[in-house]
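Read-outs throughout are calculated quantities, based only on the coordinates presented, and are distinct from any laboratory measurement. Keep in mind that what you see is a predicted model, and the values were worked out from it rather than measured. Using ideal geometry, Cβ is built from the backbone for each residue, glycine included, and neighbour counts are taken over all protein chains shown.
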Amino acid sequence: MKTSDSNKDMQPVIKVGNLVKSYAKTRLTGKREEMRVVDGVSFSIFPGTTLAVVGESGSGKSTLALCLACLEKATSGDIRFEGIDIGKLAEKERRTIRRKIQLIFQDPANSFNPRWNVLEIMSEPLALQGNLIRDEMRLRAHALLDQVGLSPEMEGRLPAELSGGQRQRLAIARALTLEPKLLILDEALSALDCSMQAQIANLLVELQSSRGMTYLFISHDLAMAVHLADEIAVMSRGRIVEHGSPDKILKQPQSEITRELLAAVPRMTFALPEVRRP
């Protein structure tokens with residue numbers, strides 16, 4: 001686990017300052033009012049580290065993820081990716097940033113073309129880069145599949161023929177084709193059983209060690225966040241109400257919502273198979 005001292009001379013991969021995302025809501029009376037889903041959120045994520053954002057459903061976690069991935073435009077505040085203010089970029093420049101920030105959802109099947117096989121799913125982002133011939137794309141796809149624990153012999157299978165864990169591994173492999181600087185995992189483990197969660201979590205740790213990956217891990221599962229993260233931010237009603245090391249969050253929770261999340265996993269130490277950290 002990285003310490004804050006090791007980060008003080010580094011530039012964060014992403015730095016969020018007072019981020020606000022609002023939507024207009026119309027009441028039955030016809031009156032329109034602003035609904036703040038993300039309300040003044042600030043944090044930084046440094047290279048090769050994991051920040052976990054945890055909170056209950058409706059706390060604003062997924063909307064935050066969409067803003068950081070350039071899929072939603074923030075109402076106000078700053079998002080600086082490698083020092084660049086995303087909010088000031090033209091759409092063409094934002095598309096370039098999107099390739100460097102990849103988002104993986106709870107059910108990746110929703111982002112796969114169900115008629116495409118594994119190789120076609122892997123080849124699409126490689127083809128968009130336009131600098132590889134077909135045989136090179138296939139070799140690259142096979143190497144990434146192998147790295148995430150999928151056999152290249154699965155290249156002809158459709159998403160419906162894969163298990164939930166295999167689909168998540170495929171989603172991670174596809175994201176890696178673009179060599180992202182930040183991987184956002186939005187409840188990416190929550191649909192899996194406990195054993196498979198630990199396997200995918202170990203894969204994430206291994207990739208972080210071998211490739212220097214940087215993660216934003218979004219979850220309602222505080223137990224898994226403690227296992228995976230270097231820092232944890234607890235989110236409630238659009239705001240970060242607590243931010244600190246896993247050890248501090250676990251042993252000295254300051255907010256009521258953090259204590260409620262802890263109470264949901266009273267035997268946290270034994271809740272999951274061991275997740276291996278280097």
Over segment 4-270, calculate the relative contact order: mean separation of alpha carbon pairs under 8 Å at least 6 apart, over the residue count, as a percent. 25
Give the total of Lys-Lys pairs in the chain with Cα-Cα distances below 21 Å; include a pair only if its members are 8 or more places apart or on different chains. 29
Give, rounded to the nearest 20 debye, the magnitude of the charge dipole that the chain has about its Cα centre when Lys and Arg contribute +1 at Cβ and Asp and Glu contribute -1 at Cβ. 740
When the charge dipole of the chain is computed with +1 on Lys and Arg Cβ and -1 on Asp and Glu Cβ about the Cα centre, the Cα farthest towards its positive end, among PRO108, SER62, GLY17, belongs to GLY17
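If you take the Cα atoms of the chain, find Rg, then find the Kirkwood Rh from the mean of 1/r over all pairs, what is Rg/Rh?
Reported Rg/Rh, Kirkwood definition of Rh: 0.97.
I'd like the antiparallel share, as a percent to the nearest 5, of DSSP beta bridges with both residues in segment 4-270. Write out the running numbers ahead of the final one.
Numbers: 23 of 40 bridges.
Close to 60 percent.
If you place +1 on the Cβ of every Lys and Arg, -1 on the Cβ of every Asp and Glu, and leave all else neutral, what size is the dipole of segment 55-192 about its Cα centre, to the nearest 20 Debye?
Working: 19 positive and 19 negative charges, 66 e Å.
That gives segment 55-192 a dipole magnitude of about 320 debye.
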Calculated Rg and Dmax of segment 126-278 using C-alpha coordinates, Å: 17.7, 55
Hey, can you grab everything whose amide H is under 5 Å from the amide H of HIS220? Only 5+ residues off in sequence or another chain; H modelled, so Pro and N-termini drop out. GLY55
